[in-house]
Structures are given as structure tokens and as C-alpha cells.
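A short write-up of the structure that comes next.
The values are calculated or read from the model by the stated rules, or taken from the named source; none is laboratory data. None of the values given here were measured: they were computed from a predicted structure. Backbone-built Cβ (ideal geometry, glycine too); neighbour counts: all protein chains shown.
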Amino acid sequence: MTQKSRPLSTLALLAAAMFLCVGTAAAADAPQRLVSVSGTGEVKAQPDMAYVTIGVEARKPTLEAARSEVNAAVERLLALTRELKIDPKHIDSTRLQVQPDYRWDEKTQQQVLLGYVVNRQIDVELHDLERLGSLLERAVSAGANQVGGARLDSSRREQLERDALTKAVQDARLNADTLARAAGVKLGPVQSLSASNGSPPMPMYAERAMVASAPPMADAAEKSYQSAEMNFRATVSAQFELQLP
């Protein structure tokens, strides 16, 4: 090789290196091929537990009279829970509210004390729905005058929510694969994934306002409570890479 040819060879190598760098940079700057999809999943299950709130309220001229009436009713309600073999650790009877009862006197332009209102509530976490009808109906006979609808739930809620998420991710992948096939490309790995649970609100057995003077219900009424099926839903948003075949 002559002395004159060496500089030319060096220039050729430099030009090739520069071309390679430019090509690599261009490849790095190329936009990533992505497909964005969503997926949904749903799991159905029967509730196996319930949350019940039972209240007793008394309005009397004296505080002692109101307290006595309420406490006597609460004792009967607690006895009912023992009769139904409800675990005491699932019963909370600590909520108490006491307030004076006033009436506005137009003549004197003053508040007139009529008496006192005492309210106690019992929260029951019931793990045997077969006893729910008996609890709701017999609570009225025991003196409860505030019985709200039972809020149904599942002891497997967390697992059911995860099962719904799994189905949602599978649905998103199927949607992405369908789009990729239609576009004539291959589906690559997932690049991003986000989820939102659509957990069902706890359904209600019944929403009834009870009064202390209500007559006892027939035994058949205790068996008339039926629970609805619960639907656990989840939605995911995902991005997958698209690869040329």
C-alpha cells in the first residue's frame, strides 16, 4: 500500500463509522409501535355474610326513664344474639347517643325542655345467613325500633376481586392480539398496565323502618329473606408492543 492510499483508507473507515452511528441513532429515535387496549373481567358469587345495625331509641320526660327503657331493650337484643349463637366478638353494642329534647315556645321566645332522647345501636357481623331472617324479625319483638337493611358481603371479597382482575388482564391481551392479527403484525410484551376495581356495593336484604309497636311477624317471614348474587368487576388499561413478522 502506498503512502497516498493510507489517508484514503482512513477516511473510508471514518465514513463507515459515522454512517453506522447515524443508523443506530435513527433506530433509537424510531417511534415504538404500541397498541392500547382495555379489558374487563367479572366474577359472580353468592354472599355468605352480612352486616346488620339494630337500634333502640326512647324519648322520655326524664333521662333515667329513657335510659332504662333503652337498656332493657338492648339486654333483650343481646340475649337474642346469644340464642342465635352469634359469636360475641362479632357484636358491638358500644354506640350510645343522649341528647335533650327541646320545644321552642313562641310566647316566651325560649327553649322548653321536654325530656331526653336516648339512642343505642348494636352492630352485628353475621357469618351465617340462615339466621339473618330470624335476627331481623325477632329484633323488633325484642324492642328494636330502628332496623336497617342488612348489607351483604362475601368473606372471599379480596380473592374474588383478584379473580376479576385476572380475567380483565386476559381480556385485554385477547383484545390486543385481535388488533395485532388484523394489522398483520405480532403482539409483543406488555409495556404498561393499570387497573381499577369495580367492586360491588354491598347489597341490601331489605330497607325497613320498624316501630316498637309493630306486631310480631309470623315465623314464615323469617324464611322469606333471599340474597342476591354479587358481581365483582374489574377494568384494566394496557399497552402492548407490536412487532413486525
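Quick one: in the range 155-169, which of the residues that are outside any loop (DSSP other than H, G, I, E, B) and farther than 14 Å from Arg233 by Cβ is farthest from the chain's Cα centre (by Cα)? It would help to see each step written out before you state the result.
Initial filter on the range 155-169 (outside any loop (DSSP other than H, G, I, E, B)): 157-169.
Then drop every residue that is not farther than 14 Å from Arg233 by Cβ, which leaves 158-159.
Details: Glu158: 9, Gln159: 13 Å.
That would be Gln159.
Restricting attention to the range 130-142, does a residue exist that is touching a residue at least 40 places away in the same chain (Cβ under 8 Å), in a loop (DSSP other than H, G, I, E, B) and surrounded by 15 or more Cβ atoms within 10 Å (Cβ to Cβ)?
If we filter the range 130-142 for residues that are touching a residue at least 40 places away in the same chain (Cβ under 8 Å), which is where we start, we get 131-142.
Checking the rest, the ones that are also in a loop (DSSP other than H, G, I, E, B) come to 142.
Now drop any that are not surrounded by 15 or more Cβ atoms within 10 Å (Cβ to Cβ), which leaves 142.
There is at least one residue in the range 130-142 that is touching a residue at least 40 places away in the same chain (Cβ under 8 Å), in a loop (DSSP other than H, G, I, E, B) and surrounded by 15 or more Cβ atoms within 10 Å (Cβ to Cβ).
Here are Lys89, Lys85: which of them is under 24 Å from Arg156 (Cα atoms), assigned by TED's automatic domain parsing to the domain that holds Ala144, assigned to a helix (DSSP H, G or I) and at pLDDT 95 or above?
Lys89
Taking the range 26-59 as the search range and keeping residues that are of a type in the set (S, T, N, Q) and modelled with pLDDT under 95, which one is surrounded by the most Cβ atoms within 10 Å (Cβ to Cβ)?
Of all residues in the range 26-59, those of a type in the set (S, T, N, Q) come to 32, 36, 38, 40, 46, 53.
Next cut, modelled with pLDDT under 95 only: 32, 46.
Working: Gln32: 9, Gln46: 11.
Result: Gln46.
Would you mention how many residues in the range 55-76 are touching a strand residue (DSSP E or B) at 6+ places or on another chain (Cβ under 6 Å) and either part of a helix (DSSP H, G or I) or aromatic (Phe, Trp, Tyr) (or both)?
Residues meeting the conditions: 7.
Could you check Ser194 against (1) part of a strand (DSSP E or B); (2) surrounded by 14 or more Cβ atoms within 10 Å (Cβ to Cβ); (3) modelled with pLDDT of 95 or more and say which number it fails?
All conditions pass for Ser194, except number (2).
Condition check: outside the structural domain of Gly143 (by TED's automatic domain parsing) and modelled with pLDDT of 95 or more. Does Thr62 satisfy that?
Taking the combined requirement at face value, the residue does not satisfy it.
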